[in-house]
Amino acid sequence: MKKERFGRIVSALLITALCLVAAAGCADAQHTADVEKKAQKYYREKYGLQDVTAERSWRAGNAGLFGYAGVRDLAVRMSDGSTVFWDETRKELSDDRQAEAVLEAFGKEILEPCLEELSLPAKSTPWGLNRTGFETFDASVFTERYDGDLRGFLAKEKPALSGLVIAMETEDRDAGEREITAFYEALRPYVSGWAEAFLLSGGLEELTGDDWYPDDHRINVTDHAHMEFEKTIRWIRQAYIRVADGIYVSSVQYDFVLEEGDLVWEEAGTVADLQAMIDEAYEALPVEAEENKDGSYRQEDRRHEKRAVLAEPGNPLYRVKMSQRVLDALDSQNSLSVYILDRREGGPPLLVYYGSEKRKAYSVYPLRPEQADTGVYKAVSPDMLFCFSEYELAGYEGP
């Protein structure tokens, strides 16, 4: 009886699931048919092409782990080869029939003259205009009809500019900010969307090809502009400061720029002294700690933790000292997020020692990321100890 009852329950659930799938399929089919009908009507009326028909359609949203991000956005192929895009959120149709003409006119009449006004050395990346932003259908589409009056068209369409990044090399940040701000103001009447600009102290010639981004040369970045054309331009000043020979640090917090002297690595002994601290912290642990009452968590002990054994005992040990303005800017974890950049010739990895009062007595961070000059992310705390040393981990050697 129990087996029969269980079987009936499973059958009912399967039937329900199949009905839901079928209902969803019917709804999708009806939605597709409705959009194709709207697309054909829109396209015919916009261009006066009564013989053009909607031939087929497909989902235009991003496909990912959990399906399409825009599950009801559709791209509809017309019989003349153009594509009409349906934006479900805006309930709006647009098409790519005039994309080439609009992009060419915008480049020649608006964007290129604005870029030519930049008197300081600069480079820019390729850009897009009013792209859908979906990986499965990423095309420039427009709702308004372009009749040759570009500025009139832009005033109605207000297309989104995307992908544009400008890198400008100058030692005069104020002059660079003025030029980029003027560029931003010149474009604002015509576009929405956003663009970025970076002021560099050097390295402009290293930005080659189309696939570049100034953060790959972070140490040269002194200023970053995020330009939102429907809102404002936001300047984020950046700076690396030298904390030790060949080691530089920059704040990750955009509202807090490090100044010379804010962080200083002072010599505080040698790697041998740090080894003694690590050994002392390790020996202070119980051989085998008691578990919590529910047995869910074991406290640290020597049987289960490993001890760092450092090489190069004569290497310097550094203590990080912070200025009062840095101490005032520390977060709730009593730390400041920074990028640490290693520009030394070779060298072993970085070892950070937190002290015996912390659960973890040490951590190791190699300062050589795959991409040059990007820095390694780290949260630094007052009186943190740093050294450069190879290491190995040793387990408990007692009875």
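At a glance:
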read-out: Structure-based [θ]222 nm, the chain - -39500 (n - 2.57) summed over DSSP H runs of at least 4, per residue, nearest 500; value: -8000 deg cm²/dmol
read-out: Charged-residue dipole, Cβ positions (Lys, Arg, Asp, Glu), the chain about Cα centre, Debye nearest 20; value: 2220 debye
read-out: Inverse mean reciprocal Cα-Cα distance (Kirkwood Rh) of region 246-394, Å; value: 16.8 Å
read-out: Ordering of 41-47, 202-208 by burial proxy (mean other Cβ atoms within 10 Å per residue, highest first); value: 41-47, 202-208
read-out: Gyration tensor (Cα) of the chain, equivalent ellipsoid semi-axes in angstrom; value: 54, 38, 15
read-out: Positive-pole candidate from 274, 160, 93, dipole of the chain, charges at beta carbon; value: 93
read-out: Distance between modelled label sites at residue 280 and residue 328, nm, 7 Å Cα→Cβ extension; value: 3.4 nm
read-out: Segment residue 397-residue 101, length gained on full extension (0.36 nm per residue, minus Cα span); value: 99.0 nm
read-out: Using distinct alpha-carbon pairs, which all enter the 1/r mean, Kirkwood radius of region 28-95 in Å; value: 12.1 Å
read-out: Residue order, fewest to most surrounding Cβ atoms within 10 angstrom, among 111, 187, 74; value: 187, 111, 74
read-out: Kyte-Doolittle mean at least -0.5, axial Cα span of 30 Å or more - DSSP H helices of the chain; value: 2-47
read-out: Cα gyration tensor shape of region 99-238, rounded if a/c is under 1.5, else prolate or oblate by comparing a/b with b/c; value: prolate
read-out: Pairs of alpha carbons in region 216-273 whose separation is greater than 17 Å (percent); value: 52 percent
read-out: Simple label model, 7 Å out from Cα along Cβ direction - residue 116 to residue 136, nm; value: 4.3 nm
read-out: Total charge dipole magnitude, region 28-95, about the Cα centre, Cβ charges on Lys, Arg, Asp, Glu only, Debye to nearest 20; value: 80 debye
read-out: Protection proxy ranking of 149-155, 323-329 - average other beta-carbon atoms within 10 Å, highest first; value: 149-155, 323-329
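Rule-based calculations on the coordinates, nothing more; no lab input. Being a predicted model, the structure only gives us computed values, none of them experimental. Using ideal geometry, Cβ is built from the backbone for each residue, glycine included, and neighbour counts are taken over all protein chains shown.
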